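Here the structure comes first, spelled out in structure tokens, and everything after it is commentary.
The values are calculated or read from the model by the stated rules, or taken from the named source; none is laboratory data. Nothing here was measured: the structure is a model prediction, and the numbers come from that model. Counting neighbours? That spans all protein chains shown, and the Cβs are built from the backbone with ideal geometry, glycine included. We work out accessible area using only protein heavy atoms, side chains counted, and drop any ligands, DNA or RNA first. Shrake-Rupley method; radii C 1.70, N 1.55, O 1.52, S 1.80 Å.
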Amino acid sequence: SYPETNLLHGDLHDDNIISNREHWLAIDPKGVIGHPIIEACNMVENFVDDTSFIADFFKFNLQDLRQWYFTYIVLAAAWDLEDNISPTKFLAIADKIYPQV
């Protein structure tokens, strides 16, 4: 079981995880409050395989993870709009995975 909200990194992705040869470090935290499941969304490349693995590994409910991932993808489309970038990439992903959430 996991708590509903925690202090999260907020920008956890492969460019913000480094090694100093002894430890792995997460850098450039944003310090946001949220559901811990959202931190895993940046790690999803293959929707079915990766969400299944992440849910099993972290003991998350698979359907909860997939719904949070869908929300994350829609938010990413909004971030692109905010940055004057076409949201087409993320909207296409959202359209593809919607039937599975």
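Numerical summary
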| quantity | calculated |
| --- | --- |
| Residue match in region 15-35 (condition: within 22 Å of residue 91 (Cα to Cα) and either open to solvent by 50 Å² or more (accessible area, probe 1.4 Å) or in contact with an Asp or Glu (Cβ under 6 Å, 6 or more places away or on another chain) (or both)) | no |
| 2 or more residues touching a residue at least 24 places away in the same chain (Cβ under 8 Å): qualifying strands (runs of 3 or more DSSP E) within region 1-53 | 6-8, 32-34 |
| So residue 53, is it within 14 Å of the chain's Cα centre (by Cα), open to solvent by 60 Å² or more (accessible area, probe 1.4 Å) and farther than 23 Å from residue 90 by Cα | no |
| Condition check for residue 76: in a helix (DSSP H, G or I), within 16 Å of residue 90 (Cβ to Cβ) and hydrophobic (A, V, I, L, M, F, W, C) | yes |
| Enumeration of residues in region 65-82 that are open to solvent by 40 Å² or more (accessible area, probe 1.4 Å), of a type in the set (Phe, Trp, Tyr) and in contact (Cβ under 8 Å) with a residue 12 or more places away in the chain | 68, 70 |
| Residue in region 32-48 that is of a type in the set (S, T, N, Q) and under 25 Å from residue 99 (Cβ atoms) present | yes |
| Counted residues, region 92-101 - those being part of a helix (DSSP H, G or I) and either open to solvent by less than 90 Å² (accessible area, probe 1.4 Å) or touching a Cys at 6+ places or on another chain (Cβ under 9 Å) (or both) | 5 |
| Which numbered condition residue 85 misses (of (1) open to solvent by less than 70 Å² (accessible area, probe 1.4 Å); (2) of a type outside the set (Ser, Thr, Tyr); (3) in a loop (DSSP other than H, G, I, E, B); (4) at pLDDT 95 or above) | (1) |
